[in-house]
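Participant: Can you read through this structure? Questions will come right after.
The values are calculated or read from the model by the stated rules, or taken from the named source; none is laboratory data. Remember, predicted model here, so these are calculated numbers, not experimental data. Here the Cβ positions follow ideal geometry from the backbone for every residue, glycine too, while neighbour counts run over all protein chains shown. To get the accessible areas, we keep the full protein, side chains included, count just its heavy atoms, and leave off ligands, DNA and RNA. Shrake-Rupley method; radii C 1.70, N 1.55, O 1.52, S 1.80 Å.
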Amino acid sequence: MNKIEVEGATVELDREGFLRDLHQWSRQVAVELARREQIDLGDEHWEIIDLLRSFYKEYKVSPAMRILVKQAGIKLGREKGSSLHLLRLFPGSPAKVASKIAGLPKPTNCL
Amino acid sequence: MQEADKSLLVVVRHGPYQGQLAREALDAVLTAAAFEQPVSLLFMDDGVFQLTPNQDGSAIDAKNLATMLAVLPMYDVDRVYVELDSLNLRAISPESLTLPATPVGGHALRDLFVNNAHLLSF
């Protein structure tokens, strides 16, 4: 079983490292999930995580990359609405990695 | 070389909580939209119930589908249609729908099927 220990509690993950129970997310869980991706969370990461969580709260859908870029541009300013900015923060597959750390399901249209 | 026509029509014909069909349809639409493919969405038959307000899927642990459909404008999916007869048969007024959907019937309905290269029915 894929799992992490955070502050004495066991948090179960699926095969790809996404939370099995989204309610188990906390900022400490995010820090631990990020550590597994070799990411040290800073203010700019948290901006994206908060953006993703409020998007999901409203629509119950994790946004695909193009939509995340657009949202970041609208909510955080144009210079942050770029794939490069997101790639720098969440290398590899930003929408997928950031959703994972934000405790959301994998974006449905993410291969 | 001429580009292949990738235009896609997704037809939704089942109610919001009849199995996973509604979710699958939304996934297909969002996937096409995420890759900037031209996609149109048509609600007909019991599919029009997906656009009705005050849905509550909590008894079967399902997410509110109307909430999820609200994401479509974020994905720039603006070609959303609803078949007029299906609405009338179920006494649903076009004004009450949760998404701005264009009511279609007759020729406009036929054109939707004729003018899109690919069809997915859910």
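Participant: Do you know the relative contact order of chain B, to the nearest whole percent, from alpha carbon pairs under 8 angstrom that are 6+ apart? Display every interim value, and only then the final one.
Facilitator: Details: 191 pairs, mean separation 43.7, N = 122.
Rounded, it is 36 percent for chain B.
Participant: Hey, rough spin-label estimate for residue A:2 and residue B:85, points 7 angstrom out along Cα→Cβ, what's it come to in nanometres?
Facilitator: It is 4.8 nm.
Participant: Moving on to the next point. For the stretch B:3-121, build the charge dipole from Cβ charges (+1 Lys, Arg; -1 Asp, Glu) around the Cα centre, then report which of B:113, B:72, B:84 sits farthest towards its positive end.
Facilitator: In the stretch B:3-121, that residue is B:84.
Participant: Helix B:106-115 sits at what angle to the longest principal axis of chain B, using alpha carbons and giving 0 to 90 degrees rounded to 10?
Facilitator: Between helix and principal axis, roughly 50 degrees.
Participant: Considering Cα pairs under 8 angstrom that are at least six residues apart, work out the relative contact order of chain A and quote it in whole percent.
Facilitator: 28 percent
Participant: Applying the Karplus parametrisation 6.51 cos²θ - 1.76 cosθ + 1.60 with θ = phi - 60° to the phi angles of the stretch B:59-71, what ³J(HN,Hα) value in whole Hz is obtained for each residue in order, glycine and proline being reported as x?
Facilitator: After applying 6.51 cos²θ - 1.76 cosθ + 1.60, I find 4, 10, 6, 9, 5, 5, 5, 4, 4, 6, 5, 5, 6 Hz.
Participant: Right, here's the next one. With labels modelled as points extended 7 Å from the Cα through the Cβ direction, what inter-label distance (nm, one decimal) is found for residue A:84 paired with residue B:93?
Facilitator: 5.2 nm
Participant: Suppose every K and R has +1 on its Cβ and every D and E has -1 on its Cβ; what is the size of the dipole of the protein assembly as shown about the Cα centre, in Debye to the nearest 20?
Facilitator: 300 debye
Participant: Something else: Say a paramagnetic label sat at a point 7 Å from the Cα of residue B:4, along Cα to Cβ; which residues of the stretch B:78-122 have their backbone N under 19 Å from it?
Facilitator: Only B:115-121 pass the distance filter.
Participant: I've got another one for you. Give me the angle, in degrees from 0 to 90, between the Cα long axis of helix B:21-34 and the longest principal axis of the Cα atoms of chain B, rounded to the nearest 10.
Facilitator: Taking Cα atoms only, the helix is inclined about 40 degrees.
Participant: Testing the spin-label approximation: label points 7 Å from Cα along Cα→Cβ at residue A:26 and residue B:45. State their distance in nm.
Facilitator: Reported label-point gap for residue A:26 and residue B:45 is 4.9 nm.
Participant: Choose one of A:23, A:2, A:59: the residue whose Cα lies farthest towards the positive end of the charge dipole of the stretch A:2-101 (beta-carbon charges +1 Lys, Arg; -1 Asp, Glu; about the Cα centre).
Facilitator: A:59
Participant: Would you mind calculating the gained length between residue B:63 and residue B:36 on full extension (0.36 nm times residue separation, minus the Cα-Cα distance), in nm to one decimal?
Facilitator: Net length gain for the segment: 7.1 nm.
Participant: Counting only residues 5 or more places away or on other chains, whose amide H sits under 5 Å from the amide H of residue B:40 once H atoms are built in the peptide plane?
Facilitator: B:8, B:9, B:10
Participant: When the Cα centres of the stretch B:46-122 and the stretch A:56-111 are compared, how far apart do they sit, in Å?
Facilitator: Each part's Cα centre sits 27 Å from the other's.
Participant: Using Cα-only point scatterers and the Debye equation, what is log10 of I(q)/I(0) for chain A at each q in 0.16, 0.20, 0.22, 0.24 Å⁻¹, rounded to two decimals?
Facilitator: Values, matching the q order: -0.66, -1.03, -1.24, -1.45.
Participant: Let me ask something additional. Across chain B, how large is the tail of the calculated P(r) beyond 24 Å, expressed as a percent of all Cα pairs?
Facilitator: 23 percent
Participant: In addition: Taking only Cα atoms and a 10 Å spring cutoff, compute GNM fluctuations for chain A and point out the largest among A:12, A:58, A:37.
Facilitator: Looking only at A:12, A:58, A:37, the biggest GNM fluctuation is shown by A:58.
Participant: Which value in deg cm²/dmol, rounded to the nearest 500, describes the helix-derived mean residue ellipticity at 222 nm for chain B, given -39,500 (n - 2.57) per DSSP H run of n ≥ 4 and division by the residue count?
Facilitator: -8000 deg cm²/dmol
Participant: Against the longest principal axis of chain A, how steep is helix A:27-36, in degrees 0 to 90 to the nearest 10, with axes from Cα atoms?
Facilitator: 90 degrees
Participant: Still on this model: To the nearest 10 square angstrom, how much accessible area does residue A:101 have with a 1.4 angstrom probe?
Facilitator: We get 0 Å² for residue A:101.
Participant: OK, next. Return the sequence-ordered ³J(HN,Hα) values of the stretch A:69-82 in whole Hz as given by the Karplus equation 6.51 cos²θ - 1.76 cosθ + 1.60 applied to θ = phi - 60°, using x for Gly and Pro.
Facilitator: 4, 5, 4, 4, x, 6, 8, 10, x, 4, 5, 9, x, 9
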